[in-house]
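**Q** Below you'll find the structure I mean.
The values are calculated or read from the model by the stated rules, or taken from the named source; none is laboratory data. Keep in mind that what you see is a predicted model, and the values were worked out from it rather than measured. Virtual Cβ from ideal backbone geometry, glycine too; neighbours counted across all protein chains shown. For the accessible areas, the whole protein counts, side chains as well, though only heavy atoms, and no ligand, DNA or RNA atoms are used. Shrake-Rupley method; radii C 1.70, N 1.55, O 1.52, S 1.80 Å.
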Amino acid sequence: MDISLATPEQPITAAASSVHLKKDFIPQRLYSLDALRGFDMFWIIGAEEIFHGLAKATGSPFWNALSMQFTHPSWNGFHIYDLIFPLFLFLAGVATPYSVGRELEKGKSRQQLMFRVIKRGLILVLLGIIYNNGLQLRPISDIRFSSVLGRIGIAYMLANIIYSYAKEKAQIIWFAGLLIGYWLILKFTSAPGFTIGDLTMEGNFASYVDLTILPGKLSLGIHDTVGFFNNIPAISTALAGIIAGTFLKNPSTKPARKAGLLAICGVVFLMLAQLWNLDFPINKNLWSSSFVMQTTGLSLLLLSLFYYIIDVRGYKNWAFFFKVIGMNSILIYMSGRFINWDYTTKSLFQWLDQLIGNPFNVIIMAVCMVMIKWLFLYVLYKKKMFLRV
């Protein structure tokens with residue numbers, strides 16, 4: 001994990017790492033990739049609070065319904081906020097053919113690349129532990145080891161190993177096999193004392209495995225929202241991105257046709273997700289196979305849309321706002337544990353909060369916080385400083 005000087009044209013993936021300050025000159029990849037990553041991160045750097053504020057201020061059924069979409073269901077079900085995490089992992093996969101794939105094409109050995117991939121994955125796991133627990137000494141029993149960044153690191157690492165050693169058809173088999181295998185395991189197992197195939201928080205086999213083998217504490221006591229066992233289907237999320245990235249990188253298909261085929265695949269995935277949901281409910285906590293299909297379908301649709309508008313039609317200016325966020329996505333995510341953004345916002349805009357007053361001051365302060373974070377990232381962007389993990 002380092003601050004690296006790079007050209008704005010060089011997308012920063014969820015897994016890029018270096019150990020010193022340097023200036024890179026690498027051919028431009030997909031502008032839409034950074035823009036979509038930034039769009040994804042936009043919702044967790046405070047934009048969702050704008051909709052919560054609108055719902056609170058107006059009491060409108062419309063804004064309440066929209067605000068609800070920016071929360072997570074307690075167990076089964078799907079809200080649009082559930083897409084943010086898997087979309088980020090999917091996009092890390094999309095970047096792989098443009099990073100690891102390019103290095104393979106240049107003649108680097110798989111062993112060299114595997115060392116880098118494994119190192120990157122482990123750094124993300126470590127950052128996730130720091131994000132959860134801070135930099136302090138505490139008993140093992142009080143440490144939460146599972147994390148969002150840890151899942152990204154593990155799934156990215158294993159998906160990249162598969163990518164490096166398996167051909168495209170084999171990657172598709174891996175994608176399907178992991179999802180089907182995970183479904184069958186949970187369908188024909190359970191925690192001790194529960195009926196076979198129990199998918200409740202208390203009775204499912206994945207939570208039981210995590211509770212049995214993971215050290216420290218789980219986020220929900222008997223279950224962790226990003227546990228260890230359900231990294232299995234998360235690998236498929238990353239693989240889906242890799243397969244999509246390989247398709248986009250292939251010059252034999254016209255760009256507009258690529259966008260159309262991605263969209264068609266996205267619709268097919270969504271249809272399959274609804275069918276699978278009948279037997280294996282869409283569930284973010286379990287990262288169920290139907291959840292992977294649902295989020296992959298939506299990710300493909302978004303990638304198709306951004307790719308078509310930005311890279312095919314060339315309309316890039318509007319996406320600059322998101323690109324600035326996407327270029328330093330890990331940094332802005334980690335910053336919340338080291339920078340008191342709420343204090344900063346109030347220090348600068350308390351006067352505006354007082355002028356506007358209840359109930360709309362909440363909305364304005366949420367907008368101000370997003371803009372402060374964006375300006376922080378913009379300064380880093382202009383100085384070509386990016387946290388590469």
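**Q** Which net charge results when you count Lys and Arg as +1 and Asp and Glu as -1 among the other residues whose beta-carbon is under 12 Å from that of V292?
**A** With Lys, Arg at +1 and Asp, Glu at -1, the neighbours total 0.
**Q** For the stretch 331-389, report the % of Cα-Cα distances exceeding 13 Å.
**A** Percentage above 13 Å: 64.
**Q** Next question, about the same structure. Only helices at least 15 Å long along their axis, Cα-based, and averaging 0.5 or more on Kyte-Doolittle count here, so list those DSSP H runs from the chain.
**A** 84-105, 110-133, 148-165, 168-187, 231-249, 255-277, 289-306, 361-382
**Q** Give the peptides 133-142, 276-285 in descending order of average Cβ contacts within 10 Å, highest first.
**A** Going by the mean number of other Cβ atoms within 10 Å, highest first, we get 276-285, 133-142.
**Q** Match the structure shown to one of the listed values (1) 20.7; (2) 23.3; (3) 19.2 of mean projected area of the Cα convex hull in nm², computed from it, and give that label.
**A** (1)
**Q** Determine, for each peptide in 161-167, 229-235, the mean count of other beta carbons within 10 angstrom over its residues, then list the peptides with the highest first.
**A** Descending packing order for the listed peptides: 229-235, 161-167.
**Q** Can you give the accessible area of T195, probe radius 1.4 Å, in Å² rounded to 10?
**A** Approximately 100 Å² for this residue.
**Q** Can you give me the long-range amide H partners of V389? Hydrogens built in the peptide plane at 1.01 Å from N, cutoff under 5 Å, separation of 5 or more residues or another chain.
**A** A16
**Q** For the stretch 82-128, just list the percent of Cα-Cα distances falling in each 10 Å bin from zero outward, please.
**A** Histogram of Cα-Cα distances, whole percents per bin: 23, 46, 27, 5.
**Q** Can you work out the accessible area per residue across the stretch 335-389, with the rest of the protein chains kept in place, probe 1.4 Å, in square angstrom?
**A** Ligands and nucleic acids excluded, the result is 59 Å² per residue.
**Q** Round to a whole angstrom and tell me the spacing of the C-alpha centers of the stretch 53-111 and the stretch 115-170.
**A** Their Cα centres are 17 Å away from one another.
**Q** Heavy atoms only, probe 1.4 angstrom, no DNA, RNA or ligands counted: give me E48, E105 ranked by accessible area, highest first.
**A** E105, E48
**Q** Note down the Stokes-Einstein diffusion coefficient of the stretch 126-222 in µm²/s, whole number, using a Kirkwood radius over alpha carbon pairs, 25 °C, and 0.890 mPa s.
**A** Result for D is 157 µm²/s.
**Q** Rounded to whole Å, give me the distance from the Cα center of the stretch 290-357 to that of the stretch 227-257.
**A** Distance between centres, Cα-based: 22 Å.
**Q** Follow-up. Counting heavy atoms of the protein chains only and a 1.4 Å probe, report the per residue accessible area for the stretch 143-250 as a whole number of Å².
**A** 41
**Q** Ignoring any ligand, DNA or RNA, what whole percent of the accessible area of the chain comes from carbon and sulfur when the probe is 1.4 angstrom?
**A** 67
**Q** May I ask you to order 144-157, 74-87 by the average number of other C-beta atoms within 10 Å around their residues, highest value first?
**A** Per-residue Cβ counts within 10 Å, averaged per peptide and sorted highest first, yield 144-157, 74-87.
**Q** I would also like to ask the following. Considering lysine pairs in the stretch 246-355 that are 8 or more places apart or on different chains, how many have Cα atoms under 26 Å apart?
**A** Step by step, the pairs that qualify in the stretch 246-355 add up to 7.
**Q** Exactly which trypsin sites (Lys or Arg not before Pro) in the stretch 337-389 are in a DSSP loop and have at most 10 other Cβ atoms within 10 Å?
**A** Those that pass, being in a loop and sparsely packed, are K383.
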